Amino acid sequence: MSKSSAESQQVFEKEFFPHMDALKTFAYHLTYNDAEAEDLVQETYLKAHKFIDRYVAGTNAKAWLFKILKNAYINEYRKKSKAPKKVDFEDVISWQDSEDPKKQGFADLRQDLFRDRMGDEVTISLNLLPIDFRTVILLCDIEGFTYEEISKIIDVPIGTVRSRLFRARNILKELLKSYAEKLGYKDYRGLKGKFDESNNEEE
């Protein structure tokens, strides 16, 4: 049954709009351009409005929106490159979150760097990562999505998500070595151990 205008507006105001800033951050790290990121977020909300009847109110709005944004990026911003084939939005948004809502935490440097302190060094290092690696880092370590959610958002098996995270974190660890030392992590061997412990969890 189609949602009424009032119901749709309520969903947007209570469930969709609160995630706008997170969507803008994600979009920026995909496009490297403020104007393109804004356009991508706008396109995401337009698609959300078009497919609002497929969304079940009270479920995982954030993951639903991130999936739309990711596919909008593929369609609109990579169509002229050697990118994945165009995504059919009719097939995009039919899943609902079924995983335990508990999120995994990371009590290490990543948490310090990514929680409300995205410095220039971190941004530059993130942008140096290949797009597939950058995407899983953004979704997992910054936005806090579970492996199952990321798997659904980027349309790859959970094992692939784990593998990409493992490799992405190792690359980022090396890129951020000097920055970590500037922040006071003098014993980088100890810091490396923390990363390695987290990486081992992914295997």
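What the table shows:
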quantity	calculated
Lone qualifier among LYS79, LYS70 - being over 25 Å from TYR147 (Cα atoms) and at pLDDT below 95	LYS79
Unmet criterion (only one of (1) under 16 Å from the mean Cα position of the chain (by Cα); (2) in a helix (DSSP H, G or I); (3) modelled with pLDDT under 90) for GLU90	(1)
Filtered residue count, region 1-22, keeping only those that are of a type in the set (D, E, K, R), more than 16 Å from the chain's Cα centre (by Cα) and either part of a helix (DSSP H, G or I) or closer than 29 Å to LEU138 by Cα (or both)	4
Which numbered condition CYS140 fails, given (1) surrounded by fewer than 19 Cβ atoms within 10 Å (Cβ to Cβ); (2) touching a residue at least 12 places away in the same chain (Cβ under 8 Å)	(1)
Per-region count, region 156-191, residues under 23 Å from LEU23 (Cβ atoms) and either modelled with pLDDT under 90 or exposed (fewer than 15 other Cβ atoms within 10 Å of the Cβ) (or both)	1
Candidate set: region 34-77, residues that are under 16 Å from the mean Cα position of the chain (by Cα) and of a type in the set (Lys, Arg); chosen: the one farthest from ILE154 (Cα to Cα)	LYS62
Subset of region 23-37 that is touching a Phe, Trp or Tyr at 6+ places or on another chain (Cβ under 8 Å) and either of a type outside the set (Phe, Trp, Tyr) or not in a helix (DSSP H, G or I) (or both) - its residue that is surrounded by the most Cβ atoms within 10 Å (Cβ to Cβ)	ALA27
Region 18-56, residues that are aromatic (Phe, Trp, Tyr) and within 14 Å of LYS67 (Cβ to Cβ)	PHE26, TYR45, PHE51, TYR55
Complete set of residues in region 53-73 that are crowded, with 18+ Cβ neighbours inside 10 Å and either β-branched (Val, Ile, Thr) or touching a Pro at 6+ places or on another chain (Cβ under 6 Å) (or both)	ILE68
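A quick yes/no check of all residues on (1) modelled with pLDDT of 90 or more; (2) outside the structural domain of ILE153 (by TED's automatic domain parsing); (3) within 24 Å of PHE133 (Cβ to Cβ):
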site: PHE26; (1), (2), (3): yes, yes, yes
site: LEU30; (1), (2), (3): no, yes, yes
site: ASP34; (1), (2), (3): yes, yes, yes
site: ALA37; (1), (2), (3): yes, yes, yes
site: VAL41; (1), (2), (3): yes, yes, yes
site: LYS50; (1), (2), (3): yes, yes, no
site: THR59; (1), (2), (3): yes, yes, no
site: LEU65; (1), (2), (3): yes, yes, yes
site: ASN75; (1), (2), (3): no, yes, yes
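The values are calculated or read from the model by the stated rules, or taken from the named source; none is laboratory data. Predicted model, so just to flag it, every value in this text is computed and none were measured. Please note: Cβ atoms are built from the backbone with ideal geometry, for glycine as well, and neighbour counts cover all protein chains shown.
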